[in-house]
Each structure stands twice: as structure tokens, then as C-alpha cells.
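Participant: First, the structure itself, so that you have it in front of you.
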Amino acid sequence: MLSVREALTQLLDAVRPIQDSEVVNTLDANGRVLAFEQRSTIDVPSADNTSMDGYAVRASDCESGSATLHVAQRIPAGSLGDYLAPGTAARIFTGALVPPGADAVVMQEQCELVGDSVTVRHAPRPGEWIRRIGEDVSAGAVILPAGTRLRSQEMGLAASVGLATLPVLRRARVAVFFTGDELAMPGEPLKPGAIYNSNRYTLRALLENFGCEVTDFGIVPDSLEATRATLREAARGHDLIITSGGVSVGEEDHIKPAVEAEGKLNLWQIAVKPGKPLAFGEVASAFFIGLPGNPVSSFITFLLFVRPFLLRLQGATGPVEPRGYTMRADFALPKADRRNEFLRARVNAAGGLDLFPNQSSGVLTSTVWGDGLVDNPPGQAIAEGDLVRFIPFAELQH
């Protein structure tokens, strides 16, 4: 069996990132990937301004630590002040431009105003509470490199230098379908032996979270002919096909022969728990990834393998593997498994990790109860108090 690392490396090595780009309003760029680097055409701030409500002064006038100055002007944000003469102060508000002649701002809590005079009970240093021109961004500087996946903070940065539109790579087009005659949809009566198709809801939501354009082909009957026909249709106009179920080698598992008939396939046995079978290949010009049918296996293998593949496919150039954090296990796992286990756990009030009592691949409640996954290496038992690697779901779903 392949290790998790080996399987992920093979997946990422095979990616052909999307090249097509479009220009979108910066307000609509959340989650998109930049096609080209972006530079600022302005300095931010565009001029020296105050970061505090208070009084603009000459530092040399306030060296005594208790100087009384005439308040000669008032400068709200968006207004221009006059030259600040020696022995005077200017009432100034956060974001307002520092007037010529002033070289410091004293916060209002350190000042006492009586009539039109202010007593400054502080000896400021030159530059105190002043944001200098270009302190945040210099004109001409690269603010966002190509391949950046845009979040709220990147959108805000783009807006701060006046970028009303951004060039982004087009969204990944993903087709999904689900195999299994036992599957039923919520709202339908359950026949004997049937189960509701939870994977359809889980996987579609995950794909939408990653900004994909999703085409859902629904539940496909357990037959080779139906599976092949759906694969052909799904390959048209899509970058990736994802299926759930039918990737084993049983008589009713038709994914393997169907993909082999319509394209090419690597069927991997991966040393991962939950999970294990993962199919990867191509049908026409579309990539193909077949996930296990068990709900937790499908969810976790998506997070471990499909998520980084999708990020690379969409052109993201930064790290695609989630960050793990060293935390204390407040549980014991005395029996080691030969596979790399991903255990559903949550953070307790003492700052340690509790383990969900049932780690079966069919227990979807564990994914709702948990805060993330303990990444436990093959052959590793865990004693209470051991330090383990914990990957929050927040790291795996963005």
C-alpha cells in the first residue's frame, strides 16, 4: 500500500493547473486564484497621518512633559490642516493628515483641554502615533503574487490600493456522481437495505466551499453500462470527475472497469484509516478521482487528497497541505494500526484532545462532534499525555 505522502505526491505531480483567466469585480473575488501578480500604483498611506485621536504638536514644544499650547486648528479625517506654528497644537482625529510643521501626535488621554489651550502631560518622541507615507505599501510594490488564493484580507489589501477589478483563473468545473443501488435521497421512503445518500450533500458542499462550478449527475445505477455512459457525459466540459462508492474490486463495483474502458486509471490501496481505496486517472481530458463510499472515509479522503489536488488545479501556488499543531492527547489508543490513522477528536477545556469513542468509517456524527483530526503515524500507539499532531477542520476546509 502507498503511504499518504506517496499518494499525495503522485496526485500533485499529475496536476495540470487551469490556465484560462477572467477579470472580476474585486468584491466578487473571494476564494478565487489570482492569474497575474498585482502591484500598487500608490503609496499607502498616501501621506503622513495620525493613528490616534489627540493633538498634533511639535515634539520640541513638549519636552518638559507638561506644556500648555494654544489649540490653533481642528483637523478631522479628510481635511487638510494649515502649517503648525511653534507653540501651538492642532486637535486631530484618527486618519487625518498631519499638518506641516507637526512631527508628533499625543493621544487625547494624555492631554487636558481648557478653553482654547491644551496642557500636554507627555514628552512625545518625533514620529509618535504618526503613520508614515508608504508605511504599509510603497508605490510599485507587488502586493499579491500570481497564484494567491484570495481571502477577505487579500481583497481588502487590493481595495486599499484602489484595485476595483482583479484577474483570476476561472473556477474549476467538477462533475460528481454517486454509485450504489442501495442509495436513496432524503425525503424518499427507505426500502429494506437502503441508506440515505449523505455523501452527495457532504461532497457538494465541500466542492462549493472551494469555489468549484459543480455539475451533479446524481445517483447512477450499479451497472457497467450506466457508469460508462455517465463518465462520458461527465468528461465533457469538466476539469475533474469525482465519484463516491464502487472503487473496490467487488462484482458490483463498476468504477474500475468503467474508467479503464473510457480512459486510464490508477487504483491505489493507501495505508490510511479511514479510507484505503482511492482511484485516480483520466477520462478524455478530465481528471478522475474515485472516493470510498463510507461517509467518513469519503469525507476524510476528500480533505486529505482532493482538497490539495483542487487547490493546485485552480492554480494556487502556496502550500496546499494543512498545518498541524502539537497537542496533548487526553486519551489512550493502546492498539497501534499498520495504517496512518486520522482520528476524530476535539479540544477540551483543559487544552487537550478528547477522542470520539467510535472511530468507525460509517459514524458521521464523529465529524460533527470533532474539531479536527489526530494524524497518527502507522504503528504508533498513543498513551494519555502523549503529544500528537492535530489538524483542525478549519485548516482542511479552506
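The values are calculated or read from the model by the stated rules, or taken from the named source; none is laboratory data. All values reported here derive from a predicted model rather than from experimental measurement. Backbone-built Cβ (ideal geometry, glycine too); neighbour counts: all protein chains shown. Just so you know, the surface numbers come from the protein's heavy atoms only, side chains and all, with ligands and any DNA or RNA stripped out. Shrake-Rupley method; radii C 1.70, N 1.55, O 1.52, S 1.80 Å.
Participant: Under a 1.4 angstrom probe, counting protein chains only, how are HIS254, HIS70 ranked by accessible area, largest first? Kindly include the intermediate steps, with their values, before the conclusion.
Facilitator: On the way: HIS254 30, HIS70 85 Å².
Sorted by accessible area, descending: HIS70, HIS254.
Participant: Rank LEU267, LEU387, SER297 by how far each Cα sits towards the positive end of the charge dipole of the chain (+1 on Lys, Arg Cβ; -1 on Asp, Glu Cβ) and give me just the farthest.
Facilitator: Value computed over the given set: LEU267.
Participant: Continuing with this model, one more query. Which three extents, in angstrom, do the Cα atoms of region 299-398 have along their principal axes, listed largest first?
Facilitator: 42, 27, 26
Participant: Using alpha-carbon pairs under 8 Å, 6+ residues apart, how would you state the relative contact order of the chain in percent? List each step's numbers first, then the result.
Facilitator: Values: 920 pairs, mean separation 63.2, N = 398.
Once normalised by length, the contact order is 16 percent.
Participant: Can I ask one more? Can you tell me the Rg and Dmax of region 78-135, counting just the alpha carbons, in angstroms?
Facilitator: Looking at region 78-135, its Cα Rg and Dmax stand at 11.5, 36 Å.
Participant: Find the accessible area per residue for region 248-398; the probe is 1.4 Å, ligands and nucleic acids are left out, and the unit is Å². Walk me through the intermediate numbers first.
Facilitator: Values: 6280 Å² over 151 residues.
It amounts to 42 Å² per residue over region 248-398.
Participant: Lysines within cross-link reach of LYS273: Cα-Cα under 22 Å, excluding same-chain residues under 8 positions apart?
Facilitator: The reachable lysines, counting only those whose Cα sits under 22 Å from LYS273, are LYS256, LYS335.
Participant: Next question, about the same structure. List the extent of the Cα atoms of region 311-367 along each of their three principal axes, largest first, rounded to whole Å.
Facilitator: That works out to 41, 28, 24 Å along the principal axes.
Participant: A further question on this structure: Calculated from the structure, P(r) over Cα pairs in 10 Å bins from 0, in percent equals which of (i) 5, 23, 31, 27, 13, 2, 0; (ii) 5, 18, 20, 17, 13, 11, 9, 5, 2, 0; (iii) 4, 19, 23, 21, 18, 10, 3, 1, 0?
Facilitator: (ii)
Participant: How compact is region 228-307 by the rule of thumb for globular proteins, expressed as Cα Rg over 2.2 N^0.38 Å? All intermediate terms of the calculation are to be shown ahead of the outcome.
Facilitator: On the way: Rg = 11.8 Å, N = 80, 2.2 N^0.38 = 11.6 Å.
Cα-based Rg divided by the globular estimate yields 1.01.
Participant: Taking only Cα atoms and a 10 Å spring cutoff, compute GNM fluctuations for the chain and point out the largest among SER60, SER298, SER360.
Facilitator: Result for the chain, Cα springs under 10 Å: SER60 fluctuates most.
Participant: At 1.4 Å probe size, what's the solvent-accessible area of ILE195? Round to the nearest 10 Å².
Facilitator: 90 Å²
Participant: Could you give me the radius of gyration and the Dmax of region 66-167, taking only the C-alpha atoms into account and expressing both in angstrom?
Facilitator: 18.4, 57
Participant: Please work out how much accessible surface TRP268 shows to a 1.4 Å probe, ignoring ligands, DNA and RNA, in Å² rounded to 10.
Facilitator: Ignoring ligands and nucleic acids, TRP268 comes out at about 20 Å².
Participant: Heavy atoms of the protein only, probe of 1.4 Å, neighbouring chains included. What is the accessible area of ASP20 in Å², nearest 10?
Facilitator: 90 Å²
Participant: What fraction of the Cα pairs in region 288-335, stated in percent, has a spacing above 18 angstrom?
Facilitator: 52 percent
Participant: Return the percentage of antiparallel bridges among DSSP beta bridges fully within the chain, rounded to the nearest 5 %.
Facilitator: Values: 57 of 84 bridges.
Antiparallel bridges: around 70 percent, rounded to the nearest 5.
Participant: Percent of accessible area on the chain owned by carbon and sulfur, 1.4 Å probe? Display every interim value, and only then the final one.
Facilitator: Details: 9340 of 18320 Å².
For the chain, the apolar C and S fraction of the accessible surface comes to 51 percent.
Participant: If DNA, RNA and ligands are ignored and the probe is 1.4 Å, what is the ranking of LYS264, LYS273 by accessible area, most exposed first? Working shown, then result.
Facilitator: Values: LYS264 125, LYS273 75 Å².
If we order LYS264, LYS273 from most to least accessible, we get LYS264, LYS273.
Participant: Another question, then. What's the Kirkwood radius of region 197-333 in Å, using all Cα pairs? Each step should come with its number before you reach the end.
Facilitator: Numbers: mean 1/r = 0.0632 Å⁻¹.
The answer is 15.8 Å.
Participant: Run the numbers for GLN397 and SER360: contour at 0.36 nm per residue of separation, minus the present Cα-Cα distance, in nm. Walk me through the numbers on the way to the answer.
Facilitator: On the way: separation 37, 0.36 × 37 = 13.32 nm, distance 2.15 nm.
Between GLN397 and SER360, full extension yields 11.2 nm more.
Participant: Which sequence of SER366, SER198 reflects their accessible areas, 1.4 Å probe, from the largest down?
Facilitator: Working: SER366 0, SER198 40 Å².
Solvent-accessible surface, decreasing: SER198, SER366.
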